[in-house]
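To start, the structure itself, in structure tokens.
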Amino acid sequence: MEFYRKPVVEERPADAYCAACDTPMTGDEAALNYKLVDKKTAHILCPACLGKKLELSPETLREMITLFRKQGCTLFSPWVEE
Ligand SMILES: [Zn+2]
């Protein structure tokens, strides 16, 4: 499916859609909006759009998701060590 851009965190299904470009994203990617923008924001952005807004690279956002998961932040899915 051409229109479906892979979520940053691939093991989770898309459960939110970008308010700007309609890209499906994972709960973890959506949670990053709550963490970095506003806990109550309804304007959820995908990593590409969020990165543009905050001037952060998608790689940085991906690292942030991993970090918050490892910290056990309850907004994110639990980190499972391999
Ligand atoms: Zn977007």
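Restrict the check to the range 24-42 and report whether at least one residue is within 13 Å of the ligand (Cβ to nearest atom), surrounded by 14 or more Cβ atoms within 10 Å (Cβ to Cβ), in a loop (DSSP other than H, G, I, E, B) and at pLDDT below 95. No: the range 24-42 contains no residue that is within 13 Å of the ligand (Cβ to nearest atom), surrounded by 14 or more Cβ atoms within 10 Å (Cβ to Cβ), in a loop (DSSP other than H, G, I, E, B) and at pLDDT below 95. Residue count for the range 43-82, restricted to those that are more than 20 Å from Pro24 (Cα to Cα), hydrophobic (A, V, I, L, M, F, W, C) and part of a loop (DSSP other than H, G, I, E, B): 3. All of (1) of a type in the set (Val, Ile, Thr); (2) touching a Lys or Arg at 6+ places or on another chain (Cβ under 7 Å); (3) modelled with pLDDT of 95 or more hold for Ile65 with one exception: (2). For the structure I just gave you, tell me whether Gly51 is within 13 Å of the ligand (Cβ to nearest atom) and touching a Ser or Thr at 6+ places or on another chain (Cβ under 7 Å). Yes; evaluated as a whole, the condition is true for this residue.
The values are calculated or read from the model by the stated rules, or taken from the named source; none is laboratory data. Fair warning: this is a prediction, and the values are worked out from it, not measured in the lab. Quick reminder, even Gly has a Cβ in these numbers, built from the backbone with ideal geometry, and neighbours come from all protein chains shown.
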